[in-house]
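Before any comments, here is the structure.
The values are calculated or read from the model by the stated rules, or taken from the named source; none is laboratory data. All values derive from a computational prediction rather than experimental measurement. For neighbour counting, all protein chains shown are included, and Cβ atoms are generated from backbone atoms with ideal geometry for every residue, glycine included.
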Amino acid sequence: MPEGTGKDACKGDHRGFYSKALQEAEKLELDEAYQIQGVDDEIALLRLKLKELAKDQPQRIDLHLKAANTIARLVKIRYQISKEQKNSLKEAIAKVLTEVALPLGINIGVKKL
């Protein structure tokens, strides 16, 4: 991809696809939003909004369920790990077992032949 194109090139310079539709204050907020990693803030905000909804509109079970389902999907996304992360975790656990646990005589997770 040529230099100056793609998502990363647009961060902070307001030349992105949506920048023409944004006011200056919104562009600053967009820059701030680029700095956020993960979905923890969104989960917390939706939980707060669900609480408000339950208090203000207890009869709107349909909206409660939609909000709860959205939160559930975000939580699932939050805790998903990639195949590479799974492999790294397995390797790290194996290393701890072979370099620390086994020399100490701890045989956790070791298959007996």
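Structure notes:
- Residue check, GLN80 under 14 Å from the mean Cα position of the chain (by Cα), under 25 Å from GLY16 (Cβ atoms) and of a type in the set (S, T, N, Q): no
This table checks each residue for (1) farther than 24 Å from LEU46 by Cβ; (2) surrounded by 10 or more Cβ atoms within 10 Å (Cβ to Cβ).
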residue: ARG60; (1), (2): no, yes
residue: LYS66; (1), (2): no, yes
residue: ARG73; (1), (2): no, yes
residue: ILE77; (1), (2): no, yes
residue: GLN80; (1), (2): no, no
residue: LYS83; (1), (2): yes, no
residue: LEU89; (1), (2): yes, yes
residue: ALA92; (1), (2): yes, yes
residue: VAL96; (1), (2): yes, yes
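- Residue list for the range 37-67, filter: in contact with a helix residue (DSSP H, G or I) (Cβ under 9 Å, 6 or more places away or on another chain), without any contact (Cβ under 8 Å) to a residue 40 or more places away in the chain, outside any helix (DSSP H, G or I) and within 28 Å of PHE17 (Cα to Cα): VAL39
- Checking SER88 against (1) outside any helix (DSSP H, G or I); (2) modelled with pLDDT of 85 or more, the condition it does not meet: (1)
- Candidate set: the range 17-36, residues that are outside any helix (DSSP H, G or I) and in contact with a Leu (Cβ under 9 Å, 6 or more places away or on another chain); chosen: the one modelled with the lowest pLDDT: TYR18
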